[in-house]
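Engineer: Quick one: this structure, given as structure tokens, is what I'll be asking you about.
The values are calculated or read from the model by the stated rules, or taken from the named source; none is laboratory data. Remember, it's a predicted structure, so these values are computed and weren't measured experimentally. Every residue, glycine as well, gets a Cβ built from its backbone with ideal geometry; the counts of neighbours run over all protein chains shown.
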Amino acid sequence: MILLNRYLYAETIRGLVLAFVIIASLVVLVDFVELSRRFGSSEQVTALTIAYMTILKMPSIIEQTLPFIVLFGIMWSMFKLNRRSELIAMRAAGYSAWSFATPPTVIAIILGIFAITVLNPGVAVLNSKFEEKRIQISRNAGVTISPTENNIWLRESVPNGSLIIHAKGASPRNATLLDVSFFYYQLDANEKPVFLKRIDAKRAKLVPGAWVLADASEVKKNSLPEQIDKLELKTKYDVNSLLEHLSADSAFSFWELPRIIKNSKAAKLDSRRYEIQWNRMLALPLTLAAMALIGASFSFRLVRLGGVFGMALIGGSIGFFLYFTGDILEALGSTRVLPPIIAAWAAPTFVFFTGLARITIVEDG
């Protein structure tokens, strides 16, 4: 029995590796083509640069496609055992359907724990580097970024006027705006805003009470630009309120989210989006386990009985149902229709018990 267990674990891992190679290769290829379309028209952007950006984005793609890697990898490994009649031989040796489903489920749970504790922090760091590289290429190569893509607008009142802040990107983890411009306006006698000066900088980092600008240039009305290596601008923004404006859920890693949630609540800011993301990560091992159970339970039908393709189609459909239903529930959680725990845990829990029910039917009829 121990030897058969090792064999099942080995076959499951082979299936997961194959699914990972195929799915990751296809998605990365599409991403490489998309980045080439956006930046490849400039002579300053080489194929090596685009390949580097694709590599930076690859862990994020792997994290997003992980449920499907588990689903299709396990279905492939189980169908292979079924086609070679190895499942029949194992059943004759006393193995039950639960014994077949245990190795994929255990591996999926381990993979989920690895993903949230190791892979996700790496994704957060590399996404930040990807964003900085994207802004750098856009600046140097003269590539235009569409107004709806990652552009950030902030407004702040200043003595006798207002300040408009525009950035083409951000690194939320570091509370830093990238390729940023500060537009200062002063109110005239008729209370109308009049342009006063503009300050451009490659980056602006928010520290308590001030923006710290690097590689800045200041242009005042009717004057030539003045280069400034380092400049501090007073601000009323704090880190928590800035994060509320510019951060995407994926900007923070599994280990950072509890601190972000605590700080947001302390600052009386809405922390719901971070709570949903935190619960979604915690539920990832259960999500992958649900995918594993579905992939295994719908792969047990004997090839000679026919209908194998139909069972595979049903299993794949349930996997896609889990993925898209999870997105819908998270959207409902963001709008306060559902509590964060239910929004993140409901779909994987339902599919997990669906897989258990399916295996019970296969085993006991």
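Engineer: Is it fair to say ALA170 is out of contact with any Ser or Thr (no Cβ under 6 Å at 6 or more places or on another chain), assigned to a strand (DSSP E or B), buried (at least 20 other Cβ atoms within 10 Å of the Cβ) and modelled with pLDDT of 85 or more? Break it down stepwise before answering.
Structural biologist: Working: out of contact with any Ser or Thr (no Cβ under 6 Å at 6 or more places or on another chain): yes; assigned to a strand (DSSP E or B): yes; buried (at least 20 other Cβ atoms within 10 Å of the Cβ): yes; modelled with pLDDT of 85 or more: no.
Considered against the rule, which asks whether it is out of contact with any Ser or Thr (no Cβ under 6 Å at 6 or more places or on another chain), assigned to a strand (DSSP E or B), buried (at least 20 other Cβ atoms within 10 Å of the Cβ) and modelled with pLDDT of 85 or more, ALA170 comes out as no.
Engineer: Among the residues of region 175-199, how many are of a type outside the set (Gly, Ala, Ser) and touching a Leu at 6+ places or on another chain (Cβ under 9 Å)?
Structural biologist: Residues flagged as of a type outside the set (Gly, Ala, Ser) and touching a Leu at 6+ places or on another chain (Cβ under 9 Å) within region 175-199 amount to 11.
Engineer: While we're on this one: Can you work out which of the residues in region 178-202 that are surrounded by 22 or more Cβ atoms within 10 Å (Cβ to Cβ) and modelled with pLDDT of 85 or more is nearest to ALA124 (Cα to Cα)?
Structural biologist: VAL180
Engineer: Still on this structure: Report yes if some residue within region 65-79 is of a type in the set (Phe, Trp, Tyr), under 22 Å from the mean Cα position of the chain (by Cα), part of a helix (DSSP H, G or I) and modelled with pLDDT of 85 or more; otherwise report no. Full working, then the answer.
Structural biologist: Filtering region 65-79 down to residues of a type in the set (Phe, Trp, Tyr) leaves 68, 72, 76, 79.
The next check asks that each one be under 22 Å from the mean Cα position of the chain (by Cα); those that pass are 68, 72.
Still in the list and also part of a helix (DSSP H, G or I): 68, 72.
Right, trim to modelled with pLDDT of 85 or more and you get 68, 72.
Looking for residues that are of a type in the set (Phe, Trp, Tyr), under 22 Å from the mean Cα position of the chain (by Cα), part of a helix (DSSP H, G or I) and modelled with pLDDT of 85 or more, one finds at least one in region 65-79, hence yes.
Engineer: Residues to consider are LEU111, LEU56; find the one that is within 15 Å of ALA290 (Cα to Cα) and within 19 Å of the chain's Cα centre (by Cα).
Structural biologist: Details: LEU56 fails: within 15 Å of ALA290 (Cα to Cα).
So the residue among LEU111, LEU56 that is within 15 Å of ALA290 (Cα to Cα) and within 19 Å of the chain's Cα centre (by Cα) is LEU111.
Engineer: Would you mention how many residues in region 1-56 are at pLDDT 85 or above, touching a helix residue (DSSP H, G or I) at 6+ places or on another chain (Cβ under 8 Å) and of a type outside the set (A, V, I, L, M)?
Structural biologist: Residues flagged as at pLDDT 85 or above, touching a helix residue (DSSP H, G or I) at 6+ places or on another chain (Cβ under 8 Å) and of a type outside the set (A, V, I, L, M) within region 1-56 amount to 10.
Engineer: Cβ-Cβ distance below 6 Å, separation of 6 or more or different chains: which pairs start in region 319-341 with a residue that is modelled with pLDDT of 85 or more and end on one that is basic (Lys, Arg) and buried (at least 16 other Cβ atoms within 10 Å of the Cβ)?
Structural biologist: Taking only residues 6 or more apart or on different chains, not a single pair turns up.
Engineer: Scan ASN82, ASN140, ASN120 and give me the residue that is modelled with pLDDT of 75 or more and either farther than 30 Å from ASN279 by Cβ or part of a loop (DSSP other than H, G, I, E, B) (or both).
Structural biologist: Testing whether each residue is modelled with pLDDT of 75 or more and either farther than 30 Å from ASN279 by Cβ or part of a loop (DSSP other than H, G, I, E, B) (or both) leaves just ASN82.
Engineer: Out of the residues in region 218-255 meeting the condition of being at pLDDT 80 or above and crowded, with 17+ Cβ neighbours inside 10 Å, tell me which one is farthest from the chain's Cα centre (by Cα).
Structural biologist: GLU218
Engineer: Could you say which residue among VAL106, VAL28 is part of a helix (DSSP H, G or I), surrounded by fewer than 17 Cβ atoms within 10 Å (Cβ to Cβ) and of a type in the set (Val, Ile, Thr)?
Structural biologist: Matching residue, one of VAL106, VAL28: VAL106.
Engineer: Which one of VAL106, VAL123, VAL118 is in contact with an Asp or Glu (Cβ under 6 Å, 6 or more places away or on another chain) and closer than 30 Å to MET58 by Cα?
Structural biologist: Selected residue: VAL123, the only one of VAL106, VAL123, VAL118 that is in contact with an Asp or Glu (Cβ under 6 Å, 6 or more places away or on another chain) and closer than 30 Å to MET58 by Cα.
Engineer: Turning to a different aspect of this structure: Which members of region 327-346 meet the condition of being more than 10 Å from ARG273 (Cα to Cα) and part of a helix (DSSP H, G or I)?
Structural biologist: Of everything in region 327-346, those that are more than 10 Å from ARG273 (Cα to Cα) and part of a helix (DSSP H, G or I) turn out to be ASP327, ILE328, LEU329, LEU332, ILE341, ILE342, ALA343, ALA344, TRP345, ALA346.
Engineer: Give the residues of region 85-101 that are part of a helix (DSSP H, G or I) and surrounded by fewer than 19 Cβ atoms within 10 Å (Cβ to Cβ), sorted by residue number.
Structural biologist: Of everything in region 85-101, those that are part of a helix (DSSP H, G or I) and surrounded by fewer than 19 Cβ atoms within 10 Å (Cβ to Cβ) turn out to be GLU86, ILE88, ALA89, MET90, ARG91, ALA92, TRP98, SER99.
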